[in-house]
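No value in this document is a laboratory result; all are computed from the given coordinates. Computed from a predicted structure; not experimentally measured. Don't worry about glycine lacking a Cβ; one is built from the backbone with ideal geometry, like all the others, and counts go over all protein chains shown.
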Amino acid sequence: MNTNIDRYLLAEKAGTEGVWDWDLRSDTLYLSPRFKEFLGLPPGDPSRETNRPNDWLSLVHPEDVDWLHASFEAQMVGLSVPFQIEHRVRRADAAASAGPHWRWLVCRGMAVMDDAGEPIRLVGSVADITDRKHAEQELRRSEERYALAAAGAADGLWDWLIDSGEIYYSPRWKAMLGFEDAEIGGTLDEWFQRVLPGDLDGLRTAINLHLTGERPHLQHEFRIRDKAGQELWMLVRGLAVRNDRGCAVRMAGSMTDITARKKAEQQILFNAVHDGMTGLPNRTLLLDRIGQALDRNRRAGARPFATIIIDLDRFKAINDALGTSAGDRVLRIVAKRLDVTRRVGDTLARLSADEFAVLVDELDDAGAALEAAERMARAISRPVTLEEGRDIVLTASIGVALSQTGYDRAEDMLRDASLAMYRAKTGGRARIDVFDTNLRRQAMAAMRMEADLRAALEQGQLCLHYQPIVLLETGAIAGFEALMRWNHPDRGLVPPAEFIPLAEETGLIAPMGRWALGEAVRQLAAWQARFPRPVPLFMSVNVSTRQFRDDDIVGAVRDLLDAVPIPPSSLKLELTESLLVQDPDECRMLMQSLRDMDVRLSIDDFGTGYSSLAYLHKLPVDVLKIDRSFVRAVSTGEGNAAIVQVIAGLATILRLDCVAEGVETADEAVYLRGQCKYAQGYHFARPALPEVIERLLIAEDAHIALPAPV
Ligand code: C2E
Ligand code: CA
Ligand code: CA
């Protein structure tokens with residue numbers, strides 16, 4: 001053994017390590033002088049083994065001692081590789097008052113076996129690595145701090161010693177909150193007490209999740225008040241410094257002011273669900289709220305609620321007459337008034353230009369919804385004074401949908417409120433209507449019909465019938481009116497009254513009208529070629545208001561005349577009076593363009609519209625069609641009979657041709673003969689398929705008398 005000790009002493013002198021040698025049979029431990037010095041034990045007699053294993057092991061840090069034991073045991077059962085373990089020891093001579101002063105040692109060792117393979121000794125070396133350990137930790141910490149600091153010079157830094165609870169805030173950290181360096185102390189409370197109460201739990205949780213290791217780092221957004229009491233948004237980032245067992249002992253990080261970014265984000269969010277002009281919630285937000293109300297409503301005992309749509313009547317006219325900026329002002333006033341009638345908790349939204357909606361929650365019954373709607377109607381009907389000192393009076397059409405109807409989806413409820421609103425509008429405006437399932441049935445029928453109509457157009461189910469228009473003088477066919485029919489696969493021939501209004505509403509009238517125009521002109525070309533007349537046969541084609549406004553009617557007619565060889569003057573377009581009143585200037589320009597191509601223009605149903613006769617001479621009109629109601633008055637002897645004369649007289653003065661429509665009897669025909677040039681009606685011929693018309697034309701050519709000559 002002594003030779004061993006000499007060798008150990010020699011080895012120690014050559015290096016910086018201490019040596020140990022544990023005799024398992026005598027359970028004595030040799031500690032070299034340097035090891036004893038590491039442990040703070042008195043040097044004693046270096047040549048004698050005076051120590052027990054416990055002199056060493058009792059000084060080992062409680063968290064490390066098990067590891068050491070485990071390493072010894074592994075060696076004793078024959079592990080061939082020497083162990084190496086870093087552990088902390090307390091110096092035996094340290095004053096108790098100074099608290100433990102832990103040194104870090106790295107200990108290497110292995111077992112020595114006898115011939116039978118039994119362990120007889122454990123031998124090894126130790127080195128003091130305290131400085132290295134501290135340097136490592138310092139490095140790690142400073143690296144972290146450096147990285148965090150580098151992340152943004154504008155950021156505030158903090159460094160929290162978890163055990164002591166001390167926290168360091170950088171001057172920048174304090175300045176971000178408007179404080180001088182000295183105004184904020186070194187406690188966590190200085191931070192947390194300024195966090196908005198609602199955000200505090202979230203921040204604490206985020207920190208804890210990182211401390212416990214569930215999150216790899218801390219990154220959290222929260223609101224805090226600065227010295228002036230202003231609310232700021234902050235982003236805190238941080239990393240824990242852990243001891244060897246992964247326990248967080250320290251945490252450091254940065255704090256970034258993200259108020260500007262948050263505001264921008266919130267603005268974007270706000271804009272996404274609000275209307276820019278009035279600042280009211282938009283359709284998206286309203287649907288969301290209705291959805292929430294529907295969810296609440298599924299619970300037992302929930303009170304009913306309603307969705308109310310308010311659509312201003314004739315708002316377009318206000319916009320057109322007063323300009324859009326006055327229109328916008330009116331809308332803002334209406335929004336404000338509706339907002340005042342709104343109860344707290346109800347949502348008022350703007351759905352489109354002049355359409356608002358209110359979600360009225362927590363109602364006693366359906367009657368309460370109606371009362372709310374009436375309140376809104378009253379609020380709107382108070383005169384609005386515009387800056388020019390002009391007063392305008394607004395009305396609204398209001399539709400109500402009740403939760404009692406039973407909805408699964410917010411969209412459905414809003415749609416039903418719309419349907420009720422439309423019914424209020426078509427029922428004469430300035431009304432309130434409540435949705436019932438009947439209305440939905442009608443709307444669904446209309447929807448189905450719209451789909452069918454679309455298909456009809458594509459699949460060629462539409463056809464034209466032609467009704468002769470005769471020269472009253474001779475009874476000869478002068479031309480035709482093309483009248484649309486729908487050859488429905490199930491319903492047979494559908495008259496236009498049943499599908500033209502829907503086609504106008506949906507805009508389908510534009511392609512339908514285009515088709516009719518082409519078809520009628522091609523038919524006319526064929527008949528003109530086959531049945532030449534001194535004055536060529538003409539064709540009247542109906543053009544609906546919507547088609548005239550929305551479709552490029554001038555272009556369509558020009559293309560058609562280029563492609564089909566008819567004299568343009570033999571094409572007559574029938575327009576209604578309502579078209580002429582709506583947008584006179586625009587209308588006149590279009591009419592003039594058509595007239596420039598020598599196409600003729602006819603006013604249909606003349607006398608039924610609101611228009612004054614005064615505009616007539618300003619428009620390029622060629623024909624007046626006297627409405628059937630005036631013609632009928634001739635035979636019923638009503639006072640209206642004189643109107644035919646007045647219109648006919650007017651036509652003469654303005655040098656317009658005149659067509660009497662719906663002539664059903666010989667008496668009517670006789671009466672009209674001296675006044676109108678043309679007539680059209682069942683008395684002469686019903687609208688019919690081209691084959692039937694052709695037979696009439698052939699008969700005429702053969703001088704066979706028409707069925708009912710005058
Ligand atoms: P409208 O332009 O006033 O057409 C005249 C209507 O009176 C036609 O009805 C015609 O069949 C009917 N009629 C003709 N003679 C008599 C008569 O002696 N007695 C009676 N009671 N009625 C007579 P129809 O074909 O049902 O068309 C109805 C309306 O549908 C048309 O009224 C027109 O406004 C519209 N329409 C028809 N075809 C088209 C089209 O191609 N485009 C557009 N936009 N509208 C069309
Ligand atoms: Ca017509
Ligand atoms: Ca007519």
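With θ taken as phi - 60° and the coefficients 6.51, -1.76 and 1.60, list the Karplus ³J(HN,Hα) couplings across the stretch 66-77 in order, rounded to whole Hz; mark glycine and proline as x.
5, 4, 5, 4, 4, 5, 4, 4, 4, 5, 5, 8
Arranged from highest to lowest average of other beta-carbon atoms within 10 Å per residue, in what order do the peptides 273-283, 108-118 appear?
So the peptides 273-283, 108-118, ranked by packing, come out 273-283, 108-118.
Mind listing the phi-derived Karplus ³J(HN,Hα) values for the stretch 488-495, rounded to whole Hz, using 6.51, -1.76 and 1.60 with θ = phi - 60°, and x for any glycine or proline?
Each residue's phi maps through the Karplus curve to give 6, x, 9, 8, x, 6, 9, x Hz.
For the stretch 385-448, which trypsin sites (Lys or Arg not before Pro) pass both filters: DSSP loop (anything but H, G, I, E, B) and at most 11 other C-beta atoms within 10 Å?
The qualifying sites are Arg390.
What ranking, highest mean first, results for peptides 256-267, 452-463 when packing means the other Cβ atoms within 10 Å averaged over each residue? Intermediate values should be presented prior to the final figure.
On the way: 256-267: 13.7, 452-463: 15.8.
The densest-packed peptide leads the list: 452-463, 256-267.
Anything over 31 Å Cα to Cα? Flag those among Lys263/Lys425; Lys425/Lys677; Lys174/Lys262; Lys316/Lys677, in the order listed.
With Cα atoms farther than 31 Å apart: Lys263/Lys425; Lys425/Lys677; Lys316/Lys677.
Given the C-alpha centroids of the stretch 576-593 and the stretch 277-307, what is the distance between them in whole angstrom?
Cα centroid to Cα centroid, the span is 44 Å.
Counting other Cβ atoms within 10 Å, which GluC sites (Glu not before Pro) in the stretch 637-669 have at most 15 and lie in a DSSP loop?
The qualifying sites are Glu638, Glu664.
Going by C-beta contacts inside 10 Å, put Val543, Val384 in order with the fewest on the left.
Val384, Val543
Roughly how many Å is it from the Cα centre of the stretch 148-227 to that of the stretch 363-433, as a whole number?
Centre-to-centre (Cα) distance: 52 Å.
What residues have an amide H closer than 5 Å to that of Tyr168, excluding those fewer than 5 places away on the same chain, when H is modeled at 1.01 Å from N in the peptide plane?
Excluding prolines and chain starts, which carry no amide H, the hits are Asp159, Trp160, Leu161.
Go through the chain and flag any cysteine with no other cysteine's C-beta closer than 4.7 Å, please.
Lacking a cysteine Cβ partner under 4.7 Å: Cys107, Cys247, Cys463, Cys587.
Which cross-chain or sequence-distant (5 or more) residues have an amide H under 5 Å from the amide H of Ile258, H modelled 1.01 Å from N in plane?
Answer set, sorted by chain and number: Trp233, Met234, Leu235.
What are the ³J(HN,Hα) values, in whole Hz, obtained from phi via the Karplus relation 6.51 cos²θ - 1.76 cosθ + 1.60 with θ = phi - 60°, for each residue of the stretch 249-257 in sequence order, with x given for Gly and Pro?
10, 7, 9, 9, x, 10, 9, 10, 7
Multiply the residue gap between Ala451 and Trp515 by 0.36 nm, knock off their C-alpha separation, and tell me the result in nm, one decimal place.
21.3 nm
For Thr28, enumerate residues with amide H under 5 Å from its amide H, sequence gap 5+ or separate chain, H modeled in the peptide plane.
Asp23
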